[in-house]
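Undergrad: Got a structure for you, written out below as structure tokens; questions coming shortly.
The values are calculated or read from the model by the stated rules, or taken from the named source; none is laboratory data. Given the structure is predicted, the values throughout are model-derived calculations rather than measurements. A quick note on method: Cβ atoms are made from the backbone with ideal geometry, for glycine too, and the neighbour counts reach across all protein chains shown. To get the accessible areas, we keep the full protein, side chains included, count just its heavy atoms, and leave off ligands, DNA and RNA. Shrake-Rupley method; radii C 1.70, N 1.55, O 1.52, S 1.80 Å.
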Amino acid sequence: SPWVHSSPSPSPPPLDVGGETMERGERAEPLTDAEREIIQNTWVHVYENCEDVGVSVLIRFFVNFPSAKQYFSQFQDMDDPEEMERSVQLRHHARRVMSAINTVVENLHDPEKVSSVLALVGKAHAVKHKVEPMYFKILCGVMQEVFSEDFPEFFTAEVQMVWTKLMGAVYWHVTGAYTEVGWVQLSSSAV
């Protein structure tokens, strides 16, 4: 009979980011409740020091990937990390980055909110700032490096794996916004 197959589909687990395209690679696996708790418990320690950690992340990012500085008028010509550290524009951006991650972490129970926050970040960087999306992948990696170096007692191997999963989801959402606004090439040799 026709209605036999129509069992209701289960509601999607939190942070299920749905759909997948070749350019964006594997869609992120949703985080389990236990993983969400791990992220939130470790983030508390990072966020208590959010300004310093954010500045450390950006300085390492720009020192290791100097081409990323092209998007920032105030410090695109700076090579000295100590000079970068004093840049108001860099400190301001560091706060914004950490604040965006904080919003994601605080809303892990609400996939819609996570999705909309990261879509806004992606669209702004694609449309307004014309930032190559690959830089997001690199920045996610740099964040994890700095977090685990600055907080080794909290960022065990298990915790790092969970953060890798979260950062994969962050990158997935951000690049989804790029695709939506018609950005053609997601991987680039510009880096």
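Undergrad: Let's test the formula: R0 of 22 Å, r as the Cβ-Cβ distance of residue 89 and residue 52. What FRET efficiency results, to the nearest 0.05?
TA: Step by step, r from the Cβ atoms, then E = 0.85.
Undergrad: For the residue pair residue 149 and residue 71, what label-to-label distance in nm results when each label sits 7 Å from Cα along the Cα-to-beta-carbon direction?
TA: 2.2 nm
Undergrad: Tell me, what is the 1.4 Å probe accessible area of residue 103, in Å² to the nearest 10?
TA: 40 Å²
Undergrad: If you average the C-alpha positions of region 57-85 and of region 93-166 separately, how far apart do those two centres end up, in angstrom?
TA: After rounding, the separation between the Cα centres reads 19 Å.
Undergrad: Can you run phi through the Karplus equation (6.51, -1.76, 1.60; θ = phi - 60°) for region 168-184 and list ³J(HN,Hα) in whole Hz, with x for Gly and Pro?
TA: In residue order, the calculated couplings are x, 5, 4, 4, 4, 5, 4, 5, x, 5, 4, 4, 4, 8, x, 5, 7 Hz.
Undergrad: What accessible area per residue comes out for region 67-178, rounded to a whole number of Å², with a 1.4 Å probe? Display every interim value, and only then the final one.
TA: Details: 5460 Å² over 112 residues.
Using a 1.4 Å probe on heavy atoms only, each residue of region 67-178 averages 49 Å².
Undergrad: To continue, here is another question. Along the Cα→Cβ direction, 7 angstrom out, place labels at residue 82 and residue 116. What is the inter-label distance in nm?
TA: 4.6 nm
Undergrad: If I model a spin label as a point 7 Å beyond the Cα along the Cα-Cβ vector, how far apart are those points for residue 130 and residue 34 in nm?
TA: In this crude spin-label approximation the distance works out to 4.8 nm.
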